[in-house]
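Visitor: Please see the structure below; I have some questions.
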Amino acid sequence: MKSLEVSQLAYAYPDGTQALFGVDLSIGRGERVALLGPNGAGKTTLVMHLNGILTPGHGTVHVAGVPVVRDRLKEVRQRVGLVFQDPDDQLFMPTVRDDVAFGPANMGVRGEELERVVKEALDRVGMLEAIDRPPHHLSFGQRRRVAVATVLAMEPEILVLDEPSSNLDPAARRELAEILRSLEVTVLMVTHDLPYALELCERSLILSGGVIAADGPTRELLADDGLLAAHRLELPYGFAIPAPPAGGRG
Amino acid sequence: MGAGHRHQLYRPGTTPVHRLPAQCKLLAVFAFAIVVVATPREAFWAFGLYAVMLAATAAAARVPFSFVARRMVIEIPFVLFAVFIPIIGLGERVTVLGLSLSAEALWAAWNILAKATLGVIASILLAATTEPRMILLGAQRLRLPSLLVQIAMFMLRYMDVIMDEMRRMRVARESRGFEARNLRHIPVIARSAGALFIRSYERGERVHLAMLSRGYSGSMPIVHDMSASARQWLTAGALPLTALAVMGMSLL
């Protein structure tokens, strides 16, 4: 079964602006996929459909076989872990512990089991020692890692990250990459940080003008200057695609 | 960043007072305040005893006098008000230090000052021994509507974020040569306030989305064990019950 299956998804905002024009994509279990696209391509709009915050005007979304429809939102939201761009939006409880517990507690987990889930999720992102601290006392990079823990605690089928590398200093960026690589979970990473996509994801999709304009190995897509230019994507100055590592995942 | 704002009122500790469940302490302080207010103002000795009881509580909670004193500045507006009443009051006059004061108003001022001070000290002790979020959870336990508790929780969490945003806007204004010096600058400040409101409102919407994404369905899951034993209720009740006994004597 696919972790995520989107077919013919179209959406127009209430003011009439059409953002998505029939998006088709499918992501297999355990894959790490980057969703690339310039600002305004509809990336965030697409993400909002994955857990039913927006309802498609046309087309369907399935997460691990469960259709994203109103009656099944609870199941869907447990399966899709959305990590928002600004960790201050994601971390709304007074302490890290309470925040990580929020999701599983909404799913009915209580008591010692809840404590175990919370600690395990924080351990996976290396933030266990911050469990009793208030989120606003953490550094930005630490807050983003806690934000990842808040959704890991729900044991999602797929982790969806919105611009995970934004505002991170180089060390925090590398630490987050190491954490993401260590997770045994399907990942969809929405970004325009092309080197980060190359580092973490074997496969990439380019969303442009509300449709999937390209789908293939990240290395090949990023090597195609014409394709990138056509969709307002650019590699950073001086960046050359490094030779593939021998035998490992990209 | 926001560091330094926190713990202005709370003083971490592990004393028996700290360990009491928040709802017990909340109710105890509330009941104590009612007893104090209901005590006849002529019973000077009763107020003295109340003060001694609070001092004993502070000692048990290891809250030093200076900690309480510094936080009592919040009472200053009431003190000023109380000082002015006898000067502007009507009725029978008495002369104190060459000033002609209203006797009835002097009583009123004493009444306000004594009762407010005791109430403020009790609240400071509550805040000093209870984490803010625990006070809110305690209030929820005491059937304060959950929506109000949630609003207060978010205020607690986002106060620093919004203050930071405000500071950044001020820096941005000043970087471009603006400094609020007189009344003519009010429109600029007002527009900043408006922008801050809109930003906060939008953040509110994003936070709501984040909450929905993690299965929020209208009420916060209660993950803390907030139950209180009869013994804890009795311990917390010691303050208002003793106060009640004192009040009873003052009425005899």
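Every number here is computed from the coordinates shown, using simple stated rules; none is lab data. Values in this document were obtained by computation on a predicted structure and should not be read as measured data. Don't worry about glycine lacking a Cβ; one is built from the backbone with ideal geometry, like all the others, and counts go over all protein chains shown.
Visitor: On a straight-distance basis, which lysines could pair with A:Lys2 in a cross-link, Cα separation under 22 angstrom, same-chain partners fewer than 8 positions away excluded?
Guide: A:Lys43, A:Lys74
Visitor: Still on this structure, I have one more. B:Lys115: which lysines have alpha carbons under 26 Å from its alpha carbon, excluding same-chain residues fewer than 8 sequence positions away?
Guide: Leaving aside lysines fewer than 8 places away in the same chain, those within reach of B:Lys115 are B:Lys25.
Visitor: Hey, got the dipole for the protein assembly as shown? About the Cα centre, +1 on K and R Cβ, -1 on D and E Cβ, debye to the nearest 20?
Guide: With only Lys, Arg, Asp and Glu charged at Cβ, the dipole is about 1500 debye.
Visitor: May I have the pair-distance distribution P(r) for chain A, computed from all Cα-Cα distances with 5 Å bins from 0 and rounded to whole percent?
Guide: 1, 6, 13, 17, 19, 17, 13, 8, 4, 1, 0, 0
Visitor: What shape does the protein assembly as shown have by the C-alpha gyration tensor, where a ≥ b ≥ c are the square roots of the eigenvalues, rounded means a/c under 1.5, and otherwise prolate means a/b greater than b/c and oblate the rest?
Guide: In terms of gyration-tensor shape, prolate.
Visitor: Please work out the C-alpha center-to-center distance from the stretch A:49-95 to the stretch A:161-193 and express it in whole Å.
Guide: What the calculation gives is 19 Å, centre to centre.
Visitor: How far apart, in nm, are the 7 Å Cα→Cβ label points at B:Leu241 and A:Arg29?
Guide: Distance between label points: 6.0 nm.
Visitor: Something else now. Let me know the mean shielding of A:67-76 by other chains, meaning the per-residue number of their Cβ atoms within 10 Å of its Cβ.
Guide: What the average comes to for A:67-76 is 1.
Visitor: Test of understanding: what is the full-extension gain from B:Ser175 to B:Leu97, defined as 0.36 nm times their sequence separation minus their Cα-Cα distance?
Guide: Residue separation times 0.36 nm, minus the Cα-Cα distance, leaves 22.6 nm.
Visitor: Among the trypsin sites (Lys or Arg not before Pro) within the stretch B:140-212, which fall in a DSSP loop and have no more than 16 other Cβ atoms within 10 Å of their own Cβ?
Guide: B:Arg143, B:Arg176, B:Arg181
Visitor: With an 8 Å Cα cut-off and a minimum separation of 6 or more residues, compute the relative contact order for chain A in percent.
Guide: With pairs under 8 Å counted, the relative contact order is 24 percent.
Visitor: If you filter the stretch B:152-252 for GluC sites (Glu not before Pro), then keep DSSP loop positions with at most 12 other Cβ within 10 Å, what is left?
Guide: Answer by residue number: B:Glu179.
Visitor: Which trypsin sites (Lys or Arg not before Pro) does the stretch A:188-250 hold that lie in a coil by DSSP with at most 15 other beta carbons within 10 Å?
Guide: When the trypsin sites (Lys or Arg not before Pro) of the stretch A:188-250 are filtered for loop state and at most 15 Cβ neighbours within 10 Å, A:Arg232, A:Arg249 remain.
Visitor: While we're on this one: Out of A:His136, A:Val185, A:Tyr196, whose Cα points farthest toward the positive end of the dipole of chain A (charges: +1 Lys, Arg; -1 Asp, Glu; placed on Cβ)?
Guide: Checking the options against the dipole of chain A, the answer is A:Val185.
Visitor: Name the shape class, rounded, prolate or oblate, that the alpha-carbon gyration tensor gives for chain B, where a ≥ b ≥ c are the square roots of its eigenvalues, rounded holds for a/c under 1.5, and otherwise prolate holds if a/b is larger than b/c and oblate otherwise.
Guide: Oblate shape, in that a/c is at least 1.5 and b/c is the bigger or equal ratio.
Visitor: Additional query: Let me check I've understood the local charge: for B:Lys115, count other residues with C-beta under 14 angstrom from its C-beta, Lys and Arg +1, Asp and Glu -1. What total comes out?
Guide: With Lys, Arg at +1 and Asp, Glu at -1, the neighbours total -1.
Visitor: Indicate the gyration tensor shape class of the stretch A:147-244 (rounded, prolate or oblate), computed on the Cα atoms with a ≥ b ≥ c the square roots of the eigenvalues: a/c under 1.5 is rounded; otherwise a/b larger than b/c is prolate and the rest oblate.
Guide: Prolate shape, in that a/c is at least 1.5 and a/b is the bigger ratio.
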